[in-house]
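**Q** Structure in structure tokens, see below.
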Amino acid sequence: MPQANDSDDTPTSDDSLPAAGKAKGASDAAAAGTTGDHGCIRLPELVDFTVCEDLAARIGAARHSALEVDAEKVTFLGTLGLQLLLSAHAQWQRDKAEFTVSNPSSGFLDGLKELGVSDSVFDS
């Protein structure tokens with residue numbers, strides 16, 4: 001039976017992430033930033049499960065305001081990353097706020113195609 005830990009070493013939410021969450025791509029997620037009057041999030045090269053928690057937090061922080069997602073550097077778009085972007089796009093539509101994906105790289109467009117999603121999915 002585990003014993004209670006009375007020390008002040010309680011992990012924060014970031015400390016409790018599994019090692020995979022801080023592996024490849026995690027440093028890319030740190031490069032994603034929000035700037036300007038409206039939010040602009042620059043996607044990392046690898047948009048896979050390792051960056052989705054941070055990306056979701058950044059997207060959520062921009063809710064109820066215009067959001068531009070810059071996909072210029074994306075070389076890989078994974079299923080979970082796409083699901084996150086599609087969900088955010090739908091939420092912004094419900095909120096009647098602007099959500100755009102700008103500068104889609106060939107890697108981003110290839111990811112959409114491989115996952116069976118039209119490259120115009122974010123146009124509306």
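Readers should treat all values here as calculations from the given coordinates under stated rules, not as data from a laboratory. Here the structure is a predicted model, which means the values were calculated and not measured. Neighbour counts are summed over all protein chains in view; Cβ atoms, including those assigned to glycine, are modelled from backbone coordinates with ideal geometry.
**Q** Would you check which residues across region 63-85 are in contact with a Phe, Trp or Tyr (Cβ under 7 Å, 6 or more places away or on another chain) and closer than 17 Å to Ser105 by Cα and list them?
**A** Those that are in contact with a Phe, Trp or Tyr (Cβ under 7 Å, 6 or more places away or on another chain) and closer than 17 Å to Ser105 by Cα: Ala71, Val74, Leu77, Gly78.
**Q** Go through region 51-109 and report how many residues are among the hydrophobic types (A, V, I, L, M, F, W, C) and assigned to a helix (DSSP H, G or I).
**A** Result for region 51-109: 17.
**Q** Please name all residue pairs, on different chains or six or more residues apart, with Cβ atoms under 6 Å, provided the first residue is in region 67-96 and is more than 10 Å from Val47 (Cα to Cα) and free of Cβ contacts under 8 Å to residues at least 60 places away in the same chain and the second residue is of a type in the set (D, E, K, R) and outside any loop (DSSP other than H, G, I, E, B).
**A** Between residues of region 67-96 that are more than 10 Å from Val47 (Cα to Cα) and free of Cβ contacts under 8 Å to residues at least 60 places away in the same chain and residues that are of a type in the set (D, E, K, R) and outside any loop (DSSP other than H, G, I, E, B), the close pairs are Asp70/Arg42.
**Q** Right, next: Determine if region 38-49 includes at least one residue that is more than 16 Å from Gly107 (Cα to Cα) and touching a residue at least 40 places away in the same chain (Cβ under 8 Å).
**A** Yes: one or more hits.
**Q** Separate question: Only residues that are in a helix (DSSP H, G or I) and of a type in the set (A, V, I, L, M, F, W, C): list them for region 37-50, please.
**A** Passing the criteria: only Phe49.
**Q** With the requirement that a residue be β-branched (Val, Ile, Thr) and touching a strand residue (DSSP E or B) at 6+ places or on another chain (Cβ under 7 Å), what does region 78-107 give you?
**A** Matches in region 78-107: Thr100, Val101.
**Q** Here's something else I'd like to know. Report, by residue number, each residue of region 97-113 that is of a type in the set (Gly, Ala, Ser) and either farther than 18 Å from Leu46 by Cα or free of Cβ contacts under 8 Å to residues at least 24 places away in the same chain (or both).
**A** Ala97, Ser106, listed by residue number.
**Q** Looking only at region 79-98, count how many residues are under 18 Å from Ser118 (Cβ atoms) and in contact with a helix residue (DSSP H, G or I) (Cβ under 7 Å, 6 or more places away or on another chain).
**A** The number of residues fulfilling the criteria is 4.
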